[in-house]
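Following: one structure in structure tokens, then a few remarks.
The values are calculated or read from the model by the stated rules, or taken from the named source; none is laboratory data. Quick caveat, the model's predicted, so the values are computed rather than measured. When we count neighbours, we look across all protein chains shown, and the Cβ atoms used for this are built from the backbone with ideal geometry, even at glycine. Calculation scope for accessible area: heavy atoms of the full protein, side chains included, ligands and nucleic acids excluded. Shrake-Rupley method; radii C 1.70, N 1.55, O 1.52, S 1.80 Å.
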Amino acid sequence: WGMVAKIDTAEAFADIYYLRNVIIAIVVLVFAFSGAVAFYIAAFVSAPVKKLAEGAEIIGSGNLNYKVGLKQSDEIGQLSRAFDKMTSRLKETTASRDELNREIERRKKKEQELAKANRMLRALSDSNQAMLHAEDETTFLQQICDIINKDCGYSKVTIMKAEDDEAKTVRVVAYAGFGEDYGKDLKISWGDNEYGQGPAGTAIRTRQPSIVSNVMTDPKFAPWREKAVKSGYMALMAIP
């Protein structure tokens with residue numbers, strides 16, 4: 001006699017398959033939960049840190065009115081509030097520094113104006129003394145050139161005279177400063193001609209100050225440009 005017992009594979013492994021599916025579901029849930037927790041932590045921690053870093057960059061660019069303004073009660077929130085307080089103090093310090101710089105600039109300007117006034121007074125005083133002790137006109141005019149050159153700080157001073165000849169010649173009568181040979185053989189006129197369009201001729205003819213800001217570019221200064229450049233100056237002013 002013999003007996004054969006038979007069972008289907010699916011029925012035999014049913015419990016194992018069930019256990020496998022339960023384990024897979026648990027693993028999936030664990031990964032999903034871990035991902036959700038990681039995302040929450042990233043949003044809760046990294047986002048405020050990122051905002052704090054962006055605020056630092058904005059403030060670093062010079063915008064001291066920017067506030068980070070995190071309301072959190074943790075360390076990051078405390079850091080952001082400390083950062084905002086620091087920015088407010090820095091703004092106050094910067095405002096004080098700017099006001100101090102403006103005051104320094106005002107004082108420098110006043111000092112420059114005072115120094116200029118002192119130079120003018122010294123030149124006037126020296127000129128009065130020169131007039132009192134002058135023995136002749138030529139010596140007096142030369143002393144005036146020296147005084148303006150020394151006291152007023154002009155690097156070249158020339159006194160010219162308008163002649164009443166046919167060519168309306170302008171003649172150098174006194175000189176002080178660099179380029180001592182500049183006035184020699186210098187053809188200048190105060191008439192309405194090619195040699196009368198420079199600053200000296202224009203000032204005599206119009207009775208108004210005349211300025212050449214750049215001898216290299218002013219077309220009216222063309223007849224004297226080469227000699228002026230060799231003498232080493234680039235701008236001049238003539239006063240009647």
Selected residue (criterion: farthest from the chain's Cα centre (by Cα)) from residues of segment 100-155 that are under 16 Å from Tyr175 (Cα atoms) and open to solvent by 100 Å² or more (accessible area, probe 1.4 Å) | Glu137
How many residues are within 25 Å of Thr206 (Cβ to Cβ), among the charged types (D, E, K, R) and in contact with a Lys or Arg (Cβ under 8 Å, 6 or more places away or on another chain) when one looks only at segment 132-166?
-> 2
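What is the residue count in segment 230-240 for residues that are open to solvent by less than 100 Å² (accessible area, probe 1.4 Å), of a type in the set (A, V, I, L, M, F, W, C) and under 23 Å from Ala162 (Cα atoms)? Full working, then the answer.
Step one: filter segment 230-240 for residues open to solvent by less than 100 Å² (accessible area, probe 1.4 Å), giving 231-238, 240.
Applying the additional criterion that residues be of a type in the set (A, V, I, L, M, F, W, C) yields 234-238.
Now narrow it down to the ones that are under 23 Å from Ala162 (Cα atoms): 235-238.
Residues meeting the conditions: 4.
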For Phe178, which of the numbered conditions (1) within 39 Å of the chain's Cα centre (by Cα); (2) aromatic (Phe, Trp, Tyr); (3) more than 22 Å from Gln142 (Cα to Cα) fails to hold?
-> (3)
Which pairs have Cβ atoms under 6 Å, sit 6 or more apart or on different chains, and link a residue in segment 122-137 that is outside any loop (DSSP other than H, G, I, E, B) to one that is at pLDDT 90 or above and open to solvent by 60 Å² or more (accessible area, probe 1.4 Å)?
-> Ala130/Gln143
Residues of segment 188-226 classified as over 26 Å from Asp164 (Cβ atoms), in a helix (DSSP H, G or I) and of a type outside the set (A, V, I, L, M), total = 3
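Based on what the data block shows, is Phe33 at pLDDT below 75, aromatic (Phe, Trp, Tyr), out of contact with any Pro (no Cβ under 8 Å at 6 or more places or on another chain) and surrounded by 10 or more Cβ atoms within 10 Å (Cβ to Cβ)? Full working, then the answer.
On the way: at pLDDT below 75: no; aromatic (Phe, Trp, Tyr): yes; out of contact with any Pro (no Cβ under 8 Å at 6 or more places or on another chain): yes; surrounded by 10 or more Cβ atoms within 10 Å (Cβ to Cβ): yes.
Considered against the rule, which asks whether it is at pLDDT below 75, aromatic (Phe, Trp, Tyr), out of contact with any Pro (no Cβ under 8 Å at 6 or more places or on another chain) and surrounded by 10 or more Cβ atoms within 10 Å (Cβ to Cβ), Phe33 comes out as no.
Out of Lys187, Lys227, which single residue is surrounded by fewer than 19 Cβ atoms within 10 Å (Cβ to Cβ), under 36 Å from the mean Cα position of the chain (by Cα) and of a type in the set (Lys, Arg)?
Values: Lys187 fails: under 36 Å from the mean Cα position of the chain (by Cα).
Of the residues listed, the single one that is surrounded by fewer than 19 Cβ atoms within 10 Å (Cβ to Cβ), under 36 Å from the mean Cα position of the chain (by Cα) and of a type in the set (Lys, Arg) is Lys227.
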